[in-house]
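The values are calculated or read from the model by the stated rules, or taken from the named source; none is laboratory data. Fair warning: this is a prediction, and the values are worked out from it, not measured in the lab. Only protein heavy atoms, including side chains, enter the accessible area calculation; ligands, DNA and RNA are left aside. Shrake-Rupley method; radii C 1.70, N 1.55, O 1.52, S 1.80 Å.
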Amino acid sequence: MARNTRRPSLDAPRGRGGMLQRTPQQSSDRFGRFSEAFARAMGTSGFLIGMTIFVAVWLCWNIFMPPQLQFDPAATNFTLLTLILSLQASYAAPLILLAQNRQDDRDRVQIEQDRQRAERNLADTEYLAREVVALRMAVNDFADQVLTRDTLRTELRALLDKLESAPEVEDGAAR
């Protein structure tokens, strides 16, 4: 008996052996996607034209063909055609309703995401508005405190006059 000498690889998660060893998983939503495709197909003009042609051919065949070739004669009021159309309608209605319910669920999620996005946009806008107001206030405060050349010259002359009027200290006294 040969032993498996292969060491486990640390760069791949455990249990993954490749595509061939994986078991395919059925989508739990496959029937829902089928019902949406069915409802989408039934709502097209191609379906209506095809169904009209099918019924017209059925009726013409069973009216104008010899009685031995008729499989749903007019004498029985086209019972088989009635049953087929009833069966088609009995399956179509629930599938269409299922497709509408799925669309309603998607719309609900989309509306919730739009509402959250709108709230975030509003919060961002309010934050930016507060920042703009703060910047305006800072600029106004700065504008009130701006030193002009004349103001600076006046202040410097006053300081120079103050220094010149102060008693002079001799070099020897400072040591």
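Quick notes on this structure:
- Residues (in a helix (DSSP H, G or I) and open to solvent by 90 Å² or more (accessible area, probe 1.4 Å)) located in region 58-70: Trp61, Phe64
- Subset of region 14-59 [of a type in the set (Lys, Arg) and modelled with pLDDT of 85 or more]: Arg30, Arg33, Arg40
- Any chance Asn4 is of a type in the set (S, T, N, Q) and modelled with pLDDT of 85 or more: no
- Listed by position, the helices (runs of 4 or more DSSP H) enclosed by region 78-175 that each have at least 2 residues that are open to solvent by 90 Å² or more (accessible area, probe 1.4 Å) and at pLDDT below 85 are 79-144, 149-165.
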